[in-house]
Amino acid sequence: MGKIFFSTFFFLITFTHAFSQCPNSDIVLKTQADIDNFATNYPGCTNLSGSLTIGDIPMVTSLINNLSGLSSLTSISGNLYIFGNSNISSLTGLDNIETIGNKLSITGNNSILNFNGLNSLKTTGELDIRLNDLLENFSGLSNLTTVSNLTVSNCPKLKNFIGLESVTAVNNFASFFNDNLENFNGLNNLNTVSGSLNIEQCNLLKDLTGLNDVTSIGITLRIFNNNEMINLNGLEAVKTIGAINISDNNKMQSLDGLDSVISLNGYLGVFGNMPNLVDISALSNIEYTTIFHLYIQDNINLSVCEEPNICEYLNKGNPSSISGNSTGCTTELEVVNKCTLLNLNKSKLQKVMLYPNPSENIFFIEGNSKLIIESIKIYNTEGFLIKDIRNSDRKINIENFSTGMYLVSINTTNHGKIFKKIIKL
């Protein structure tokens with residue numbers, strides 16, 4: 001009887017092993033036949049210990065057109081690469097995968113509109129999305145809660161990040177060369193970027209709307225070469241950043257959005273081909289002792305750099321590079337001299353205000369009767385000059401303006417430029 005029991009037990013173990021076979025090495029599935037035969041070649045396989053590649057190397061188009069043969073998979077300990085499958089319009093077939101241990105990389109799949117088919121995915125080490133010509137959003141990833149690094153680049157139809165609402169923290173987030181990206185909606189619950197936040201050449205973005213819950217950026221905030229970006233609205237909740245690098249955004253008018261930042265742990269850089277930048281006052285709340293090096297360079301219309309914290313930073317002899325800006329901010333010495341004047345006139349300038357604010361039609365420039373006004377320029381939030389007043393009248397009519405916020409530049413002969421904001425009701 002014992003021998004019969006042992007034989008039966010051994011048979012069951014052998015049978016189960018034989019029909020729950022997953023390979024011990026990485027798998028590459030290059031053809032539709034490879035996909036269709038997966039269940040036959042690896043019967044009962046649910047958990048891959050290695051990596052799975054679907055397609056071939058990036059930019060080499062495969063003829064795979066559906067992934068239904070992979071429906072048994074529930075986890076992949078290594079990487080999942082989906083490369084160059086232009087005939088796949090859906091990721092259906094991957095519906096049961098819940099975890100990917102390392103990287104999910106989806107590159108060069110030019111018929112995919114979204115990520116429907118990955119609806120069960122909860123965790124992946126990295127999410128790397130590149131060169132998917134028709135991808136519009138991240139629908140299908142609503143159960144994804146854990147991502148270490150998020151990189152999205154060269155997806156020309158991508159409009160937003162809808163589908164990633166469950167992601168609350170990442171190490172690094174980068175968006176490169178996504179020419180039709182309108183906003184970061186979908187990342188509204190992201191609150192921590194422990195590494196770097198890098199936005200480069202996303203040429204429809206006007207600001208960073210959608211990142212409104214982010215409170216900290218651990219290493220670097222880098223905003224580079226975004227041709228339509230006007231300001232950094234969307235980052236109002238950020239309190240701490242490692243380093244700041246804002247450069248080559250040629251329509252950037254102000255750094256609004258960084259007003260709540262109180263601490264850095266690295267350099268502060270505002271430089272390079274930003275001809276419309278006239279206001280850096282949003283940096284004024286940063287504790288100057290947390291700045292390691294100050295760069296303000298090549299912003300040809302920026303003349304006001306003497307923010308109180310910058311003055312303190314420079315007065316302590318800390319390292320700085322200031323050049324290529326407009327008169328008033330062309331050298332460290334020039335800024336220091338204006339800081340001295342600022343300290344002498346600080347109490348007077350603090351009294352300058354716009355009233356009433358908000359205003360329906362008329363507002364007045366009040367305070368400091370000795371202010372000699374040469375001209376007043378009013379800009380909209382897109383950086384366009386709306387009104388140019390070439391006299392010293394302190395009564396300003398904005399009744400024909402659209403509802404919204406405007407930047408008022410008060411140009412004086414005795415106190416330089418003073419920037420104030422007015423809200424039109």
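The values are calculated or read from the model by the stated rules, or taken from the named source; none is laboratory data. On a predicted model such as this, the values are computed, not experimentally measured, just so you know. Glycine gets a Cβ as well: all are built from the backbone with ideal geometry, and neighbour counts include every protein chain shown.
Would you confirm, using the coordinates I've provided, whether Leu294 is assigned to a loop (DSSP other than H, G, I, E, B) and either of a type in the set (D, E, K, R) or within 27 Å of the chain's Cα centre (by Cα) (or both)? In short, no. Within the stretch 99-145, can you find the residues that are crowded, with 19+ Cβ neighbours inside 10 Å and among the aliphatic types (A, V, I, L, M)? Matches in the stretch 99-145: Ile100, Leu104, Ile106, Ile112, Leu118, Leu121, Leu127, Ile129, Leu131, Leu135, Leu141, Leu144.
Selection of first residues in the stretch 221-237 that are among the aromatic types (Phe, Trp, Tyr) and of second residues that are surrounded by fewer than 24 Cβ atoms within 10 Å (Cβ to Cβ), restricted to Cβ pairs under 8 Å at least 6 apart or on distinct chains, gives the following pairs, ordered by first then second residue: Phe224/Asn198; Phe224/Glu200; Phe224/Gln201; Phe224/Asn245; Phe224/Ser247; Phe224/Asp248. Within the stretch 152-160, not a single residue is farther than 24 Å from Gly242 by Cα and more than 20 Å from the chain's Cα centre (by Cα). Residue pairs whose Cβ atoms lie under 6 Å apart, separated by 6 or more positions or on different chains, with the first residue in the stretch 306-328 and closer than 18 Å to Leu264 by Cα and the second assigned to a helix (DSSP H, G or I) and among the hydroxyl-bearing types (Ser, Thr, Tyr), are Asn309/Tyr288; Glu312/Tyr288; Tyr313/Tyr288.
Could you run through the stretch 1-38 and say how many residues are part of a helix (DSSP H, G or I), at pLDDT 95 or above and of a type outside the set (Phe, Trp, Tyr)? Working first, answer last.
Kept after step one, since they are part of a helix (DSSP H, G or I), are these residues of the stretch 1-38: 2-18, 32-36, 38.
Pick out the ones that are also at pLDDT 95 or above and you get 32-36, 38.
Of the ones still in play, those that are also of a type outside the set (Phe, Trp, Tyr) are 32-36.
Counting residues in the stretch 1-38 that are part of a helix (DSSP H, G or I), at pLDDT 95 or above and of a type outside the set (Phe, Trp, Tyr) gives 5.
On the stretch given as the stretch 282-296, residues that are buried (at least 18 other Cβ atoms within 10 Å of the Cβ), closer than 22 Å to Asn233 by Cα and not hydrophobic (A, V, I, L, M, F, W, C) total 1.
Loosely packed, with under 15 Cβ neighbours inside 10 Å, at pLDDT 75 or above and hydrophobic (A, V, I, L, M, F, W, C): which single residue out of Ile410, Ile322, Ile372 fits that description? I'd like the intermediate steps shown before the answer.
Details: Ile410 fails: loosely packed, with under 15 Cβ neighbours inside 10 Å; Ile322 fails: loosely packed, with under 15 Cβ neighbours inside 10 Å.
After applying the criteria, what remains is Ile372.
What strands (runs of 3 or more DSSP E) completely inside the stretch 353-425 contain at least 3 residues that are touching a residue at least 12 places away in the same chain (Cβ under 8 Å)?
Where strands (runs of 3 or more DSSP E) fall fully within the stretch 353-425 and carry at least 3 residues being touching a residue at least 12 places away in the same chain (Cβ under 8 Å), they are 362-366, 373-379, 385-389, 395-397, 404-412, 417-424.
Conditions (1) under 22 Å from the mean Cα position of the chain (by Cα); (2) outside any loop (DSSP other than H, G, I, E, B); (3) crowded, with 21+ Cβ neighbours inside 10 Å, marked per residue:
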| position | (1), (2), (3) |
| --- | --- |
| Ile246 | yes, yes, yes |
| Tyr267 | yes, yes, no |
| Asn301 | no, no, no |
| Glu312 | no, yes, no |
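Anything in the stretch 166-188 that is surrounded by 18 or more Cβ atoms within 10 Å (Cβ to Cβ), within 13 Å of Leu141 (Cβ to Cβ) and touching a residue at least 24 places away in the same chain (Cβ under 8 Å)? List them, or say none. Those that are surrounded by 18 or more Cβ atoms within 10 Å (Cβ to Cβ), within 13 Å of Leu141 (Cβ to Cβ) and touching a residue at least 24 places away in the same chain (Cβ under 8 Å): Gly186, Leu187.
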